[in-house]
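One structure below.
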Amino acid sequence: MLEQLTIKDFALIDSLSLELSDGFTVLSGETGAGKSILIGALSFVLGGKADVEQIRAGANEAVVTASFALNLPAAAGQKKTGGSTDNEEPRSAWDWLAGHGIEPEDGRILLRRLVRNNGKTGAWIQGSPVTRSDLVSFSAFLIDIHGQHEHQSLMRVAEHRVFLDAWAGITENVNSFTALYAELVQKRRLLDQINSSENDRSRRIDILTFAVNEITQAKLTAGEDEELGAEESKLSSFEKLYSVIKDITETFDNDTSGIVPLLKKARNTVSQAVSLDKALGALDSRIESSFYEISDIAEEFRTYSNNLVFDPERLAAVQDRMALIYSLKKKYASSVSAPVSDVIAYCSAAQKELENLTGGTVEKNALKELCESLERSVYVAAKEISAKRRTAAEKMEKGVEEVLARLGMAGTRFSVDIKDKPGTGVEQKCGPYGMDDIEFLISANKGAPLLSLAKIASGGELSRIMLALKTIFAETDSVPTMIFDEIDTGIGGEVAVAVGSHMKTLARKRQILCITHLASIAVYADNQIKVEKGIEENVMRTAASEVKGEKRVAEIARMLSGDSESEESLDHARSLLLKFSGKLSD
C-alpha cells in the first residue's frame, strides 16, 4: 500500500508531502490544477520517464520519494526474504527484494528518484542505488496505474490478445513461443538459402563480400552523416556566418546603441530611482539579472567570433567524405536520406549471411531435420496456448459481464472471439504469437448481434470495459494499489454513481486512488484529496491536501455545480455524502 508520497521541485510543485490511507481515495480539483502532476510524479518514482523539463523552474533537481507498506507473504511461515531461487522470476515484492539483497524495515520500503538539470538521474530502493529497469520491475508488484487514455488501447485489436494472455496468465508462455517461432523462421530461411542453386549461392557470396569490404573500409560511425552535414554547412557559409556574427557583436557592444551599454546605463538610472522609491527594488534586481545575462551572451558571441577560422582543406575533406557516404547509402541503405546506421546495419546482416553461406558447418539434411523438429514443437506449443486461451476466454467473458452489470451495462454481452489463423500449413497457420486471431466483441443492447468492440463502443463504454478488465485482473494478481487517472471519461449520471459504488467495493480488497471530476464518484470515497493551483510570490504552484468535514462538503458542492458557497449546493453535497459514504467527516 502507498503510504506517503513526497515531491520536491517537480513540475509546478515546489514541496508537497501526502499521507495516503487504505480504502478508496479520490483526488479532485479544478481542471488544470495539477492532479495529473501527482500521478506523473508517482510514475516518475516508479521508473517512468525522466526529463529535465520535469524540474520546477528555478530549481536544480526534482526529487520524488514514495513509501510503501508491503503485504505479508501469502504462505504462512514463509520467510519475508522470499522464496524464489536465482534462476526463477520473483513472484512477489519480497522475492524481488531478497534477490537484490535489500531488506525492508518493519515491512516498509522507500523508493527515491531524482533528475538533475544536467540530465543525470539517480534511483534508490531503501537507500540502495538501482537502475530504472529495477524500479519498473519492482514497482510492478506494488502499483497498477491506469492512465487517462489507456482505455483507447481497446480500440487496437492487436492489444486484445495481450489482455487475454495476461488474464490467462500465459504471457511468459507466449514470449517463449515467440522465441521458438523466430528460431523456426530463421532456420527455414537458412535452409531456403542452402537449397538455392550453387550459382546463385556463389553470386550471392561475391555480392555480399564486396559489400562488406566496401563498407568496412569506409569505417563508418553512427550519426557521422549528420555531423558532417552540419560541419559542411558551417564551413561553406563561412563568409555569411562571419558577417552575421560581426553584426551580432556590434549589436551588443556598440558604444552608442549597443544592448550592453544601454543596459548598463539603465542599471545606473534605475538604481537612482530605487534610492527614491524602494518599491522599485524588484525591477532593479530584474534589470541587474538581465544585464549580467546579456553581458554573458555578448562575451560568448565575442569568443565565438574570435575562434572563427576558414579551413578550405577541411571543407574539401568533409565534402569528399559526404560523397562517399552518399554513394554507400545509394547502394546499401533504404534511401539516400536514410541514416548512415542503415548502411552499418546492412554490413552486419551481410556478414552474418556470409558466415552461413560460407561456413560449411551446417549440413543440409541436419538442418532439414531441425526445421521439422521445430515445426512440431511450434505446432504443439501453439495448440497448448490456444487451448489455454479458449478456457480463459470463457471465464473472462463471464467476469467482464458481471462487472459491467454493476457498472450500469446490465444485459451487455462481452465475447472473446478466437479464430484459427488462415492457411493450411503449420507455418501459414501460426504467427509470432500462436495460431489464434483474437478480437473482443460486444453487444450493448439485448438482442443485438455481437460486433467489434473497436468499432462500436463509445468512450464511456470503453472506460467501463477497461475498468471491468482491471477489476477481474485484480482478482488474480496481488498488486495492492490501483490508480485510475480520470476513468470517468465519457460517463455521468447513474453510470458515474455505479462506477463510484464499484470502486468503493473494489477498495475493500486493495487501495484505490482515483482522479475524478465527478461528485457522484467522489462521494463514495473514504478519503478525498483536493489539488489546487495558485500564485505565491509571483510563482505558479500546485498544492494538495486532504479535505474533511465541511471542507469536503464544499469541495463536493463545487464538483456538483461549481458553487461551493450557496446553502443549496452545500446541503445537496451533505446529503450525497451521508447517502453514499455514510459520513461527513472522520
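Odds and ends about this structure:
- Test result for Lys234, part of a helix (DSSP H, G or I), open to solvent by 50 Å² or more (accessible area, probe 1.4 Å), in contact with a Ser or Thr (Cβ under 7 Å, 6 or more places away or on another chain) and at pLDDT below 85: no
- Criterion: under 22 Å from Met155 (Cβ atoms) and either open to solvent by less than 60 Å² (accessible area, probe 1.4 Å) or among the charged types (D, E, K, R) (or both) - qualifying residue of Leu467, Leu506: Leu467
- Looking only at region 527-542, and only at residues there that are open to solvent by less than 70 Å² (accessible area, probe 1.4 Å) and closer than 17 Å to Thr25 by Cα, the one that is nearest to the chain's Cα centre (by Cα): Val531
- Condition met for Ile37 (β-branched (Val, Ile, Thr) and either under 18 Å from the mean Cα position of the chain (by Cα) or open to solvent by 50 Å² or more (accessible area, probe 1.4 Å) (or both)): yes
- Unmet requirement for Leu308, which otherwise passes all of (1) under 30 Å from Asn538 (Cβ atoms); (2) open to solvent by less than 60 Å² (accessible area, probe 1.4 Å); (3) not basic (Lys, Arg): (1)
- Filter result (modelled with pLDDT under 75 and crowded, with 16+ Cβ neighbours inside 10 Å) within region 436-460: Ala454, Ala457, Gly460
- Considering each residue of region 126-147 in turn, at least one proves to be at pLDDT below 95, open to solvent by less than 60 Å² (accessible area, probe 1.4 Å) and farther than 22 Å from Asn71 by Cβ.
- A single entry from Val45, Val63, Val52 fulfils the requirement of being open to solvent by less than 80 Å² (accessible area, probe 1.4 Å), within 24 Å of the chain's Cα centre (by Cα), more than 30 Å from Glu546 (Cβ to Cβ) and modelled with pLDDT of 90 or more: Val52.
- Lone qualifier among Asn199, Asn213 - being over 22 Å from Ala366 (Cβ atoms), open to solvent by 40 Å² or more (accessible area, probe 1.4 Å) and at pLDDT below 90: Asn199
- Filtering region 311-343 to residues that are open to solvent by 60 Å² or more (accessible area, probe 1.4 Å), under 25 Å from Ile205 (Cβ atoms) and among the aliphatic types (A, V, I, L, M) leaves only Leu324.
- Filter result for Gly500 (at positive phi and in contact with a helix residue (DSSP H, G or I) (Cβ under 9 Å, 6 or more places away or on another chain)): no
The values are calculated or read from the model by the stated rules, or taken from the named source; none is laboratory data. In this text, all values refer to a predicted model and were calculated from it rather than measured experimentally. Using ideal geometry, Cβ is built from the backbone for each residue, glycine included, and neighbour counts are taken over all protein chains shown. Side chains included, ligands, DNA and RNA excluded: accessible areas come from the protein's heavy atoms. Shrake-Rupley method; radii C 1.70, N 1.55, O 1.52, S 1.80 Å.
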